[in-house]
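Take this structure, written in structure tokens, and hold onto it; I'll ask about it next.
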Amino acid sequence: MSQTKYLTAKDIMTPHVKSVPQSWTMQKFADFLSKNDISGSPVADADGNLVGIATLKDIAEFHFNSISSDYESEMDEEEIREARRLRMMIFEGLSKVPVEVGDIMTPIVFSVAEQASIKEVAELMMEEHLHRVFVKSGEELTGIITTYDLLKVIVEEVASP
């Protein structure tokens with residue numbers, strides 16, 4: 001019989017997840033992700049409470065949204081030039097104001113208990129279209145499970161005789 005059936009979130013999670021303060025600048029956060037070779041991190045408020053998650057995708061979307069527009073298809077050449085000039089002025093102004101992690105994070109945090117079955121974890125991740133879910137013991141953050149962790153379980157199951 002399959003051992004996978006009895007695995008829990010605690011069995012497959014990556015423990016010791018570091019959260020980042022929501023007051024960190026986006027640049028400091030990007031450096032943290034790069035140095036730790038990760039794509040996202042939980043975000044905590046000043047009291048250490050989990051308040052969201054921020055990812056590389058959030059950084060990319062912030063930059064893309066600050067320069068992208070669908071309105072240009074409805075403008076004439078002069079209006080397009082003026083809109084681009086105004087957008088550049090706004091973008092230059094924004095670059096002088098530090099953007100904080102709290103400004104780009106997703107304020108929804110999905111988590112499971114350490115005792116949750118991996119089936120429950122996988123179902124939650126599929127239902128909510130998540131790439132990562134946090135693991136808690138009571139209110140304490142104890143780990144993280146990513147799609148990679150679930151894939152490792154599948155590979156180990158297939159490799160087992």
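Tell me, please, whether a residue that is β-branched (V, I, T), out of contact with any strand residue (DSSP E or B) (no Cβ under 7 Å at 6 or more places or on another chain) and surrounded by 18 or more Cβ atoms within 10 Å (Cβ to Cβ) can be found in the stretch 145-156. Let's see the steps before the verdict.
Applying the first criterion (β-branched (V, I, T)) to the stretch 145-156 yields 145-147, 153-155.
Retained after the next criterion (residues that are out of contact with any strand residue (DSSP E or B) (no Cβ under 7 Å at 6 or more places or on another chain)): 147, 153-155.
When the remaining residues are screened for being surrounded by 18 or more Cβ atoms within 10 Å (Cβ to Cβ), the result is 153.
Within the stretch 145-156, one or more residues are β-branched (V, I, T), out of contact with any strand residue (DSSP E or B) (no Cβ under 7 Å at 6 or more places or on another chain) and surrounded by 18 or more Cβ atoms within 10 Å (Cβ to Cβ).
Is at least one residue of the stretch 110-130 within 30 Å of Q27 (Cβ to Cβ), modelled with pLDDT of 85 or more and touching a Lys or Arg at 6+ places or on another chain (Cβ under 6 Å)?
Within the stretch 110-130, one or more residues are within 30 Å of Q27 (Cβ to Cβ), modelled with pLDDT of 85 or more and touching a Lys or Arg at 6+ places or on another chain (Cβ under 6 Å).
Looking at T14, T55, T25, which one is surrounded by 13 or more Cβ atoms within 10 Å (Cβ to Cβ) and within 19 Å of K152 (Cα to Cα)?
Working: T55 fails: within 19 Å of K152 (Cα to Cα); T25 fails: within 19 Å of K152 (Cα to Cα).
Being surrounded by 13 or more Cβ atoms within 10 Å (Cβ to Cβ) and within 19 Å of K152 (Cα to Cα) holds for just one of T14, T55, T25, which is T14.
Condition first: farther than 21 Å from T55 by Cα, touching a residue at least 40 places away in the same chain (Cβ under 8 Å) and either of a type in the set (D, E, K, R) or in a helix (DSSP H, G or I) (or both). Can you find one or more residues in the stretch 123-142 that meet it?
No; the residues of the stretch 123-142 include none that is farther than 21 Å from T55 by Cα, touching a residue at least 40 places away in the same chain (Cβ under 8 Å) and either of a type in the set (D, E, K, R) or in a helix (DSSP H, G or I) (or both).
Follow-up. List the number of the failed condition for S69; all other conditions in (1) in a helix (DSSP H, G or I); (2) modelled with pLDDT under 80; (3) surrounded by 12 or more Cβ atoms within 10 Å (Cβ to Cβ) hold.
The number of the failed condition is (1).
Something else now. Look at the stretch 8-21 and say how many of its residues are of a type outside the set (K, R) and touching an Asp or Glu at 6+ places or on another chain (Cβ under 6 Å). Write out each step before concluding.
Taking the stretch 8-21 and keeping what is of a type outside the set (K, R), we get 8-9, 11-17, 19-21.
Narrowing the set further to residues that are touching an Asp or Glu at 6+ places or on another chain (Cβ under 6 Å) leaves 9, 12.
Qualifying residue count, the stretch 8-21: 2.
The values are calculated or read from the model by the stated rules, or taken from the named source; none is laboratory data. Computed from a predicted structure; not experimentally measured. Neighbour counts are summed over all protein chains in view; Cβ atoms, including those assigned to glycine, are modelled from backbone coordinates with ideal geometry.
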